[in-house]
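The values are calculated or read from the model by the stated rules, or taken from the named source; none is laboratory data. Only a predicted model underlies this, so the values are computations on that prediction, with no experimental measurement involved. Ligands, DNA and RNA are stripped out before the accessible areas are found, and what is left, the full protein with its side chains, is counted by its heavy atoms. Shrake-Rupley method; radii C 1.70, N 1.55, O 1.52, S 1.80 Å.
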Amino acid sequence: MSGGGPEAAVGGEAPAAGGNKKKDSLGTAGSPAHLIIKDLGEIHSRLLDHRPVIQGETRYFVKEFEEKRGLREMRVLENLKNMILETNEHTLPKCRETMQDNLNQVLQRLQAATDSVCRLQQREQERKKIYNDHLIASENQHIIQWEDFMKEQHNKQAEVDEEHRKAVERLKEQYAEMKKDLGKFSTF
């Protein structure tokens, strides 16, 4: 776009509308004013219009950056590929073997622990059953003892009531005799 400013349009080519007056005032294409304006346009484009230079530098920078980036990415991808191959060929088989060996040991230990827990749980259930049976037997024994105690208390109450009744009867008889005897003595 060198010479793309307003001066270039004035000096080189006439605009589509209203440019005839300026062309007439400046003179013909070979006039000294026209040459000066053309030179000014070139000077302006060289001094002030740096777009072509910047575009070239930008293209060069982008090209270099992409090449370096591409090389760097290629190295990274190559390193990743080597690492993946090494992992697949060496590390994974070792890990798999170690895991299977350790997993078998862990499974054996887990099975042993499960068996131990089952035995302990079974023993605990047996203990609870024995304790519950003992508790029920003890409760039944206490109920029987309580019933025996209540029967014994009822029998003792009946005996005491009978003795009391007999004692009251004896006392009544004794007082009735004493009253008779008193009745005999009072006549004297």
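Would you confirm whether any residue within region 62-70 is open to solvent by 90 Å² or more (accessible area, probe 1.4 Å) and modelled with pLDDT of 80 or more?
Scanning region 62-70 turns up at least one residue that is open to solvent by 90 Å² or more (accessible area, probe 1.4 Å) and modelled with pLDDT of 80 or more.
Of all residues in region 161-188, count the ones that are open to solvent by 90 Å² or more (accessible area, probe 1.4 Å), part of a helix (DSSP H, G or I) and not acidic (Asp, Glu).
Counting residues in region 161-188 that are open to solvent by 90 Å² or more (accessible area, probe 1.4 Å), part of a helix (DSSP H, G or I) and not acidic (Asp, Glu) gives 13.
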